[in-house]
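So the structure is just underneath, and the comments pick up after that.
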Amino acid sequence: ARHFSSDSSSRRRLMSSTLDKTLREKYGCRSIPVCKDDEVKVMTGKLKGREGRVVTVYRKRFHILVERLNRLKSDNQTEAPVPVHPSNVMITKIRETGSRRAILDRRGKDSADMDRVD
């Protein structure tokens with residue numbers, strides 16, 4: 001029940017995706033909320049292995065739309081975007097903004113503190 005009654009800022013956290021190995025090592029964190037213009041790779045489902053840029057993050061419906069992830073509609077002429085849940089994708093390239101950089105720095109610092117043994 002917490003999902004469907006949650007506000008937009010809570011949904012942002014719920015709509016997180018894992019980072020790929022290189023980004024995970026670089027930033028020291030495992031996952032981050034997905035944003036528009038991030039590059040992602042689909043990890044599960046029929047579209048597994050497909051890659052593209054995030055075009056829309058639709059918090060109300062808990063899905064994202066990815067560039068070049070389309071399917072034919074029943075008239076066999078029009079293409080429609082396929083919605084994907086963020087938990088089914090992996091972020092391969094991050095669009096860095098000031099606030100996002102701060103989040104990554106803060107999370108990376110926390111994991112670095114945990115790695116250190118006194």
Across (1) exposed (fewer than 12 other Cβ atoms within 10 Å of the Cβ); (2) among the hydroxyl-bearing types (Ser, Thr, Tyr); (3) closer than 24 Å to SER9 by Cβ, TYR27 clears everything bar (1)
Reported set for segment 33-90 where residues are in a loop (DSSP other than H, G, I, E, B), open to solvent by 50 Å² or more (accessible area, probe 1.4 Å), touching a strand residue (DSSP E or B) at 6+ places or on another chain (Cβ under 8 Å) and not hydrophobic (A, V, I, L, M, F, W, C) is LYS36, ASP37, GLY45, LYS48, ARG50, ARG61, LYS73, THR78, HIS85
For this session: Determine, yes or no, whether GLY45 is more than 11 Å from the chain's Cα centre (by Cα) and over 21 Å from ASP110 (Cα atoms).
Result: yes
Contact list, first residue from segment 81-110 and touching a residue at least 40 places away in the same chain (Cβ under 8 Å) and under 29 Å from LEU69 (Cα atoms), second anywhere and in a helix (DSSP H, G or I) and open to solvent by 70 Å² or more (accessible area, probe 1.4 Å), beta-carbon distance below 9 Å, six or more apart or interchain, is THR92/THR22; LEU104/LYS26
Scanning segment 1-24 for residues that are polar (S, T, N, Q) and touching a residue at least 40 places away in the same chain (Cβ under 8 Å), the one surrounded by the most Cβ atoms within 10 Å (Cβ to Cβ) turns out to be SER17
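The values are calculated or read from the model by the stated rules, or taken from the named source; none is laboratory data. Note that the structure is predicted; figures quoted are calculated from it, not measured. When we count neighbours, we look across all protein chains shown, and the Cβ atoms used for this are built from the backbone with ideal geometry, even at glycine. Each accessible area value is taken on the protein alone, full model and side chains, heavy atoms only, with ligands, DNA and RNA left out. Shrake-Rupley method; radii C 1.70, N 1.55, O 1.52, S 1.80 Å.
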